[in-house]
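A short worksheet on the structure shown next.
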Amino acid sequence: MFEHVQPYAGDPIFALVDAFNADPRPGKVNLSIGIYFDEQGRLPVLDSVRRAEALLLEAGGAKPYLPMEGDASCRREVQALLFGRDHAALRQGRVATIQTVGSSGGLRVGADFLKAWFPSSAVWMSDPTWDNHRSMFEACGFAVHGYPYYDAATGGVAFDRMKAALEGLPARSIVLLHACCHNPTGVDLTRAQWDQLIPVLAQRGLIAYLDLAYQGFGEGIDEDAYAVRALANAGLAFFVANSFSKSMSVYGERCGALSAVCPSAAEAALVLGQLKFTVRRNYSSPPLHAAGIVARVLGDAALRSQWEGEVAQMRERILAMRRALHAALTRKLPGRRFEYFLTQRGMFSYTGLTPAQVDELRERHAVYLIRSGRMCIAGLNSRNVATVAEAIAAVLA
Ligand code: LMR
């Protein structure tokens, strides 16, 4: 019956996690998947989340289905977090937000919606981007193309080439953009660059689709929402999928949302209806526990400020690890430049290591990176950073 089924080659990120878990070497270091580990190398449970869960447990209660669009207070809090509590687009009812199964679930629902209502549009994403972006949009039937983004020569954004590429796109092209903490490079657009891109998106009639998976890990919770707010302020119609997996350390709870900013409240109602229909045909409704966590942590003043402090601590620890790795590598290989560790933001850095060098790091030194050379800085701590620097230096020498 199933002999004709093609074998699955495995996911480039999750397969590495399996390989890491199966690796018996005691000093192994996992810098592959985008997960924040604390200074002890543990996956943290944030105190704000622990307290929110205690309140949920105390309240007891039944476990009904949520509506297709998710929990109302969760959706309201997500909107306030993304746009700022009093944003005109929210007051005018122009934002359709649904709670989703992580931001991956949101990205997929939004992609299904766009394929249904803009069937002849193609999707354009940064070169490079998160591996799963291409796969997800292709699964919806889209043709996927790349626009220039990372400039290996400067270690920054190839901004002029990126802008020129977007200026040449047909109207209604879908442009996937990383709102902050670009995955995999860690190289972000500056505010001035966003401000230059927004008129291009508007004048060309492009549909921006923002992926905001690392809010708070770049410059700050509000600061990292700059792109979302700037696009909304400019009156653009666009999508944004956001995640709490990293910012609340709730990976397996699948806490995320999808928002569509629309030209009018009437259009937002139409879009919301179709998003609900898409959800119903896929997984029917999102998880109750996820909604409880997000609504409590964001909606309770004490938990909110505790959470903001915890996000700041995670962000600062990543920055400290960036400095530590930079210092160790600069000491070992004084002729080489490692400034990119200091200028890139978020969990990831693009090291420029070749697939062969990444393989050598894994096979000879038990240090795991994605084969693109992406390193998850959030897997470093003060006990393993020297070993990692030594391993990288050995591979580069
Ligand atoms: C990553 O890029 O490693 C994370 O976003 C986790 C994932 O789902 O791939």
* Return the FRET efficiency for the residue pair ALA320, SER73: r is the Cβ-Cβ distance, R0 is 56 Å, and the value is rounded to the nearest 0.05. => 0.95
* Asked: Just the Cα atoms of region 1-68, one point each, no solvent: what log10 I(q)/I(0) does Debye give at q = 0.12, 0.23, 0.28 Å⁻¹?
  -> -0.69, -1.03, -1.27
* **Dipole of the chain [Lys/Arg +1, Asp/Glu -1 at C-beta], most positive-end residue of GLN203, MET68, ALA19** => GLN203
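Taking the inverse of the average 1/r across all pairs of different Cα atoms in the chain, what Kirkwood radius in Å do you get? Mind dumping the intermediate values first?
Numbers: mean 1/r = 0.0457 Å⁻¹.
When all Cα pairs of the chain are included, the Kirkwood radius is 21.9 Å.
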* **Cα centroid separation, region 88-153 to region 288-338 (Å)** => 26
* Structure fact -> Any aspartates and glutamates whose Cα falls less than 12 Å from that of LYS28, other than same-chain ones fewer than 8 residues away, would be GLU363
* Asked: What order do you get for 333-343, 304-314, 184-194 when each peptide is scored by the mean count of other beta carbon atoms within 10 Å, highest first?
  -> 184-194, 304-314, 333-343
* To do: Can you tell me how much longer the chain between THR343 and ARG42 gets when fully stretched, taken as 0.36 nm per residue apart minus their C-alpha distance, in nm with one decimal?
  => 105.8 nm
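Express in nm, to one decimal, how much length is gained between ASP86 and GLN274 on full extension, taking 0.36 nm for each residue of separation and deducting their alpha carbon distance.
Numbers: separation 188, 0.36 × 188 = 67.68 nm, distance 2.59 nm.
Gain on stretching ASP86 to GLN274: 65.1 nm.
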* To do: Between HIS145 and ASP222, with labels modelled 7 Å along Cα→Cβ, what's the label distance in nm to one decimal, could you check?
  => 3.9
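Using Stokes-Einstein with the Kirkwood hydrodynamic radius over Cα pairs, what translational diffusion coefficient do you get for region 165-218 at 10 °C and a viscosity of 1.306 mPa s, in µm²/s rounded to a whole number?
Details: Rh = 11.9 Å.
Calculated translational D: 134 µm²/s.
Starting from the coordinates of the alpha-carbon atoms of region 244-331, obtain the Kirkwood hydrodynamic radius over all distinct pairs and give the value in Å to one decimal. Please report the intermediate quantities before stating the final value.
Details: mean 1/r = 0.0614 Å⁻¹.
Here the Kirkwood hydrodynamic radius works out to 16.3 Å.
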* Structure fact -> Binned at 5 Å from zero, the C-alpha pair distances of region 54-141 give percents of 3, 11, 16, 17, 17, 16, 12, 5, 3, 1, 0
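Chymotrypsin sites (Phe, Trp or Tyr not before Pro), restricted to region 8-64: which are DSSP loop and have at most 16 other Cβ atoms within 10 Å? Don't skip to the answer; put the middle values down first.
On the way: sites: TYR8, PHE14, PHE20, TYR36, PHE37; in loops: TYR8, TYR36, PHE37.
Sites meeting the loop and neighbour criteria: TYR8.
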* Structure fact -> Semi-axes (Å, rounded, descending) of the ellipsoid equivalent to region 103-171 per its C-alpha gyration tensor are 24, 15, 8
* Asked: Could you name the aspartates and glutamates in cross-link range of LYS63, using Cα to Cα under 14 Å and dropping any fewer than eight places away on the same chain?
  -> ASP71
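All of the numbers you see were taken from the coordinates with simple rules; none came from a lab. This one's a predicted model, so the numbers in the text were calculated from it and none came from an experiment. Methodologically, a virtual Cβ is constructed for each residue, glycine included, from the backbone with ideal geometry; neighbour enumeration extends over all protein chains shown.
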